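J.: Before we start, here is the structure in question, set down as structure tokens.
The values are calculated or read from the model by the stated rules, or taken from the named source; none is laboratory data. Note that the coordinates shown come from a computational prediction; the quantities given were computed from them, not determined experimentally. No Cβ is skipped: glycine too gets one built from the backbone with ideal geometry, and neighbour counts run over all protein chains shown. Just the protein is used for accessible areas: all its heavy atoms, side chains included, with ligands, DNA and RNA removed. Shrake-Rupley method; radii C 1.70, N 1.55, O 1.52, S 1.80 Å.
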Amino acid sequence: MAFSSPEASRWWDHLQHLDGTSDLSKIATAAGRALVVLSETYAQAMQRDLRGLAAADAEVVLIGGACDLDGVLRVPANAALRQALGGTLTSLNARMAASWLEYCTPGRLISPEAQARWDAWASQAARPERYARTPMSDELVIAFIKEMKALHPDSSRTRLLRLFRDKGMACEQKRFADLYTSTIGRG
């Protein structure tokens, strides 16, 4: 989503009106708890709903998000946990949520003991990742894509980006995808 915060909020409000989605705070209050997993961008778009959740009579845990809210236990996204949890940064919050649940007391999302167990694990498991990759021009990225597609015609865009990065070259994922599409097409 490439919206400004006001545009993103309007987008979220529009989506809720389209399908008659219930108010999140009502859902949380009825259930007594809510586990919310959001990227920073989505959390910014949903600020009004998150403030409503904070005021709800429920246990609310926010994994990821954009900022702390009184009444919500926020577990900020932590890229240093990616290696311990596996997968990509794109899905890290979901894997953090699954891991959080492993530390919870059955039937509860929040307890001092669960928080202490999570904090101890996270501090032990955290491994900051630092990449010493060289930024490349569009022309060099395109040349790489053409060369690799000629050598490995069945390779996906994702696989080519992995090969590119494994060679110590840097290119943001969206930029690589755009260059790939303009060079090879969508297929």
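J.: On the protein heavy atoms, probe 1.4 angstrom, tell me the percent of accessible surface of segment 144-187 carried by carbon and sulfur. Could you put the intermediate results ahead of the total?
T.: On the way: 1390 of 2820 Å².
Within segment 144-187, the accessible surface is 49 percent carbon and sulfur.
J.: Would you please state which residues of segment 46-75 a label at residue 33 would reach in this model, taking the label point 7 Å out along Cα→Cβ and a backbone N cut-off of under 11 Å?
T.: Counting backbone N atoms under 11 Å from the label point, the list is 59-61.
J.: For residue 174, go through the aspartates and glutamates and keep the ones whose alpha-carbon is under 14 Å away, minus same-chain ones fewer than eight residues off.
T.: 138
J.: For residue 149 and residue 127, what is the calculated FRET efficiency with R₀ set at 22 Å and r taken between the beta-carbons, to the nearest 0.05? Walk me through the intermediate numbers first.
T.: On the way: r = 33 Å, r/R0 = 1.52.
The calculated FRET efficiency here is 0.10.
J.: Between residue 79 and residue 183, what is the label-point separation in nm under the 7 Å Cα-to-beta-carbon projection?
T.: In this crude spin-label approximation the distance works out to 2.4 nm.
J.: Quick one: which residues, 5+ away or cross-chain, put their amide H under 5 Å from the amide H of residue 75? H built at 1.01 Å from N.
T.: Under 5 Å from the amide H of residue 75 lie the amide H atoms of 62, 63, 64, each far enough along the sequence or on another chain.
J.: Would you please put 146-153, 165-172 in order of how densely packed they are, using the mean number of other Cβ atoms within 10 angstrom per residue and starting with the highest? Numbers along the way, then the final one.
T.: Details: 146-153: 11.4, 165-172: 13.6.
Order by mean packing, descending: 165-172, 146-153.
J.: Which listed residue (140, 94, 75) has the Cα farthest towards the positive end of the charge dipole for segment 59-149, taking +1 on Lys and Arg C-beta and -1 on Asp and Glu C-beta about the Cα centre?
T.: In segment 59-149, that residue is 140.
J.: Where the centroid of each part is defined by its Cα atoms, how far is segment 108-165 from segment 12-65 in Å?
T.: Segment 108-165 and segment 12-65 have Cα centres spaced 29 Å from each other.
J.: Rounded to the nearest whole Å², what accessible area per residue is found for segment 74-187 with the 1.4 Å probe? Write down the numbers at each step before the final one.
T.: Details: 7020 Å² over 114 residues.
For segment 74-187, the solvent-accessible area averages 62 Å² per residue.
J.: Which whole-Hz couplings ³J(HN,Hα) result when phi for each residue of segment 26-35 is put into the Karplus expression 6.51 cos²θ - 1.76 cosθ + 1.60, θ = phi - 60°, listed in order with x for Gly and Pro?
T.: With coefficients 6.51, -1.76 and 1.60, one gets 5, 4, 5, 5, 5, 7, x, 6, 8, 10 Hz.
J.: Within 10 Å, at most 15 other Cβ atoms, and a DSSP state outside H, G, I, E, B define an exposed site. Report the longest part of the chain free of exposed chymotrypsin sites (Phe, Trp or Tyr not before Pro). Display every interim value, and only then the final one.
T.: Details: sites that count: 3, 131.
With a cap of 15 other Cβ atoms within 10 Å, the longest stretch comes to 4-130.
J.: Hey, of (i) 1.32; (ii) 1.43; (iii) 1.27, which did the structure itself give for Cα Rg over 2.2 N^0.38 Å when calculated?
T.: (iii)
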